[in-house]
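S.K.: Dumping the structure here so I can ask a few things about it.
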Amino acid sequence: MRIFLLLTLTLNAYAGFEVGNGGGISENNILMAYRQLAKPLKFCLDFKLCFLSDRENQVLKKIYDTLEIEYGNSHQVVFKMEKEMPKGFFRDKYGNPRLAVTFSHTGSTIYFNRQLLYFSPGGKKRDISIETAFSILIHELGHHHDEADHTFLNDLGSKVVKYSLGKKWRLSPPSIPIFTEIVNIKFDKGNVSQDLVFIHDQLKSIDLTDKIKKIMKCETPKNQLLGFEVWQGSWMRITKGFQKIKLNLRSFCYSREASILKKREGDTILIGISTSYPNESTKLQITNLDLNYIECKEDLDKCLDHRIYYNLNKLGGNL
Ligand SMILES: [Zn+2]
């Protein structure tokens, strides 16, 4: 059986998961990581697979438990030039420039130094990846819990990133400045994971993860979709100003009735992307996206080719 589900979304409908703060990829990645931060933290806290010391575990738990309060500051992450801030604000005690600064209480604003988002202090060109953004945010939020040791917080941030994130890849079309970025977050001891799917144009990032999850199917409505991975993707150029991207999915479905976790393959998502250079802008922008979910065309048995018997109590929650 072949089922097509069509969901057409205009960009207005993306309010809330589009990041277009006038910045570039570094700002976007920092804001994406900020919004998704609970997921890697939960992985490390639930499964003890991140090799944290007791002290690291305690600090991470405090960060996780107070995320709601942090998010209560709706402008918690801001980007500033050094000259916009009091003299020395972005400097450490030796006068070296700092990438991020915050204060010591929960909910404090985290200031990012715009000068260092695209160039290292040594002047080398770079941008801030999602992994780096996760790690910096963990560091800064650690300061909100009386943790003043920068080296300790650096280690904590990099451990969480190293163990909770799996593969990451980018899919770029050959001729236009747009790319899709896929970052894998593991949970449930590696049996279940969730990819985060972002599309970036020259002005904004769009997080498609939840929209994709919303239109995916899990064999019967009784089964619960726990997460999905993209295992292959490709770009197709249809016409000028219109691109298509195809993502092959592997989903993790949980049957409460049978206490079975089912791994399902063969479903795809087609994303139609319209682009233009609006208002004589020199930046290419995505103006419209269509998400089109195509259910596995094979017999159900072939779609659900892995069945794993799994203890309900061990399932580590839902993304
Ligand atoms: Zn610090």
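S.K.: Given the options 79, 90, name the one that is away from the ligand (no atom under 16 Å from the Cβ) and surrounded by 14 or more Cβ atoms within 10 Å (Cβ to Cβ).
M.R.: Answer to the selection: 79.
S.K.: Of the residues that make up segment 196-206, is at least one in contact (Cβ under 8 Å) with a residue 12 or more places away in the chain and touching a His at 6+ places or on another chain (Cβ under 9 Å)? Reasoning before the result, please.
M.R.: Step one: filter segment 196-206 for residues in contact (Cβ under 8 Å) with a residue 12 or more places away in the chain, giving 196-206.
Filter once more, so that each one left must be touching a His at 6+ places or on another chain (Cβ under 9 Å): 206.
The answer is yes, given that some residue of segment 196-206 is in contact (Cβ under 8 Å) with a residue 12 or more places away in the chain and touching a His at 6+ places or on another chain (Cβ under 9 Å).
S.K.: Filter segment 238-266 for residues that are farther than 23 Å from residue 203 by Cα, surrounded by fewer than 20 Cβ atoms within 10 Å (Cβ to Cβ), modelled with pLDDT of 85 or more and of a type outside the set (Lys, Arg) and give the result.
M.R.: Listed by number, the residues that qualify are 248, 265, 266.
S.K.: Then there's this: Quick check, is residue 112 in contact with a helix residue (DSSP H, G or I) (Cβ under 9 Å, 6 or more places away or on another chain), within 16 Å of the ligand (Cβ to nearest atom), in a strand (DSSP E or B) and closer than 19 Å to residue 75 by Cα? Please lay out each step first, then the result.
M.R.: Working: in contact with a helix residue (DSSP H, G or I) (Cβ under 9 Å, 6 or more places away or on another chain): yes; within 16 Å of the ligand (Cβ to nearest atom): yes; in a strand (DSSP E or B): yes; closer than 19 Å to residue 75 by Cα: yes.
The answer is yes for residue 112.
S.K.: Only one of 128, 138 is under 22 Å from residue 162 (Cβ atoms) and either within 14 Å of the ligand (Cβ to nearest atom) or touching a His at 6+ places or on another chain (Cβ under 8 Å) (or both); which?
M.R.: Numbers: 128 fails: either within 14 Å of the ligand (Cβ to nearest atom) or touching a His at 6+ places or on another chain (Cβ under 8 Å) (or both).
Going through 128, 138 in turn, the sole match is 138.
S.K.: Consider residue 219 against the criteria (1) at negative phi; (2) touching a residue at least 40 places away in the same chain (Cβ under 8 Å); (3) away from the ligand (no atom under 16 Å from the Cβ): it satisfies all of them except one. Which criterion is unmet?
M.R.: Among (1) at negative phi; (2) touching a residue at least 40 places away in the same chain (Cβ under 8 Å); (3) away from the ligand (no atom under 16 Å from the Cβ), residue 219 violates only (1).
S.K.: Next up: How about segment 256-280: which of its residues are within 30 Å of residue 236 (Cα to Cα) and of a type in the set (A, V, I, L, M, F, W, C)? Spell out the reasoning first.
M.R.: Just the residues of segment 256-280 that are within 30 Å of residue 236 (Cα to Cα), to begin with: 263-280.
Matches in segment 256-280: 269, 270, 271, 273.
S.K.: Now for a different question. Which pairs have Cβ atoms under 8 Å, sit 6 or more apart or on different chains, and link a residue in segment 141-165 that is without any contact (Cβ under 8 Å) to a residue 12 or more places away in the chain to one that is within 9 Å of the ligand (Cβ to nearest atom)?
M.R.: 150/139
The values are calculated or read from the model by the stated rules, or taken from the named source; none is laboratory data. Just so it is clear, the structure is predicted and the values come from calculations on it, not from any experiment. Cβ: placed from backbone, ideal geometry, glycine included. Neighbour counts: every protein chain shown.
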